[in-house]
1. What nm value, rounded to one decimal, do you get for the distance between Arg29 and Asp351 when each label is placed 7 Å out toward the C-beta?
2. In a solvent-free Debye calculation with one equal scatterer on each Cα, what is log10 I(q)/I(0) for the stretch 249-328 at q = 0.20 Å⁻¹, listed in the order of the q values?
3. What distance in nm separates the simple spin-label points at Ala220 and Lys337, each placed 7 Å from Cα in the Cβ direction?
4. Pull out the extension gain between Asp90 and Phe227, defined as 0.36 nm times the separation in residues minus the alpha carbon to alpha carbon distance; nm, one decimal.
5. Which one, Leu166, Asn187, Pro142, projects farthest toward the positive side of the charge dipole computed for the stretch 119-210 from Cβ point charges (K/R +1, D/E -1)?
6. Once you mark the trypsin sites (Lys or Arg not before Pro) that are in a DSSP loop and have at most 15 other Cβ atoms within 10 Å, what is the longest gap between them in the chain?
7. Round to the nearest 0.05 the FRET efficiency obtained for Ser307 and Arg136 when R0 = 41 Å and r is the Cβ-Cβ distance.
8. Computed FRET efficiency, Cβ-Cβ of Ala371 and Arg168, R0 22 Å: what is it to the nearest 0.05?
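Computed from the coordinates by the stated procedures, all read-outs in this text should not be read as laboratory data. Keep in mind that this is a model prediction, so the values were computed, not measured. All Cβ positions, even for glycine, are placed from backbone atoms using ideal geometry, and neighbour counts span all protein chains on display.
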Amino acid sequence: MNDCFRRGFAAVAVLLLTVAGAANAAAARRKVIIDQDAFGPGGPNLQPILLVLQSPDVEVLGITVESGDGWLKENVAHTLRMLEIIGRTDIPVVPGATVPLVNSQEATKRWEARYGKLFYKGAWMEEWPKEVQVRRPTPHGPDVVPVSPAGAPTTRASTEVAANFLVRKVREFPGEVTILALGPLTNLALAVRLDDGFAAAARELVFMGGSFSPHPAGNAFALEYMFTPRLEFNFRWDPEAAKITLRAPWRSLTQVPVDPSTKTLFTAEMIARVAAADTALARYVAKYAESFPLWDELAAAVWLDPSIATRREVVAVDVDTDSGAGYGNTLSWAAGKGPGLGERDVSVVFDVDGTRLNALVVDRLTRAVAAP
């Protein structure tokens, strides 16, 4: 073997090893689909998506979107525009449900007439409480997409329906895909009904939703839970979808309720640290940041780094879908002690390490933008 041949052989071997190493690294990345009512720009709905996108050990297969904090069409537009700004248009954005399975704005108004005003109704809000200063457009219907301060997207959403996308991807990678659900569970309930094997084929469901006994913190958002500790928006927007989703045969269920979020806040100091990073992503976050509790960021962070959760308990969980005063409330019993009507035992995160949470949030939002 002459020297030229040896050098060529060595070069080919190095190339093959490099390709194999890259393939193994890609295969080792955790696959996830993020399901979110992605109202924006920026803020607590889009920041958790960024935390996941900026994690090098994660492969985001897609972002499925539903109504909730805002209407579906505007949520999709906000998501597309954010991905354009940070250079991640490789991520599919897949529209899903515009309205809940059963609940409606009219039914909610009738409920309020009997049982009192809800503190927060998302896309159904007629006016904002004076205690909570938020940047929102005037109330509008589901087909109106107000001009966003971040601009209109030039890219388009997927033509696939979210429920179909969820089923297809989970079936493509059986036992590998985490569903990280951060908004109402309408898309997931539709996927469960579409394919009986969908939930069991996923690796796990990690979701933000529900409320047990949160300790009100010293901010205006705590008013939502002071007198209604079992009421939380994601469940209340679509209680029937939450019930269907929680009763499905997931291999693993992790719930991040309101409870650990009340002591969290995206503080001015954290926003300033993000603003100091010279990236398109950091500038976007800082420009549209608001000092909300880290509701959805907390669920994303617990999935990214499970050690952030300092107290977990296994609890039997269900959702109240009766039409009475408790409609949408979280129901719970000791593990295995429920009424046996389909409720599942769930690993519930009740407390977290706030210092580690804040560090993870700032770290991900100040990193160089991850390459596609």
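1. Here the modelled spin labels are 3.6 nm apart.
2. Listed by q, the Debye log ratios stand at -1.01.
3. If labels sit at Ala220 and Lys337, their model points lie 4.0 nm apart.
4. On the way: separation 137, 0.36 × 137 = 49.32 nm, distance 4.40 nm.
44.9 nm is the gain from fully extending Asp90 to Phe227.
5. Pro142
6. Numbers: sites that count: Arg29, Lys117, Lys130, Arg135, Arg156, Arg251, Lys337.
Result for the longest clean stretch: 157-250.
7. Values: r = 35 Å, r/R0 = 0.86.
So, using R0 = 41 Å, E works out to roughly 0.70.
8. On the way: r = 25 Å, r/R0 = 1.15.
FRET efficiency, Ala371 to Arg168: 0.30.
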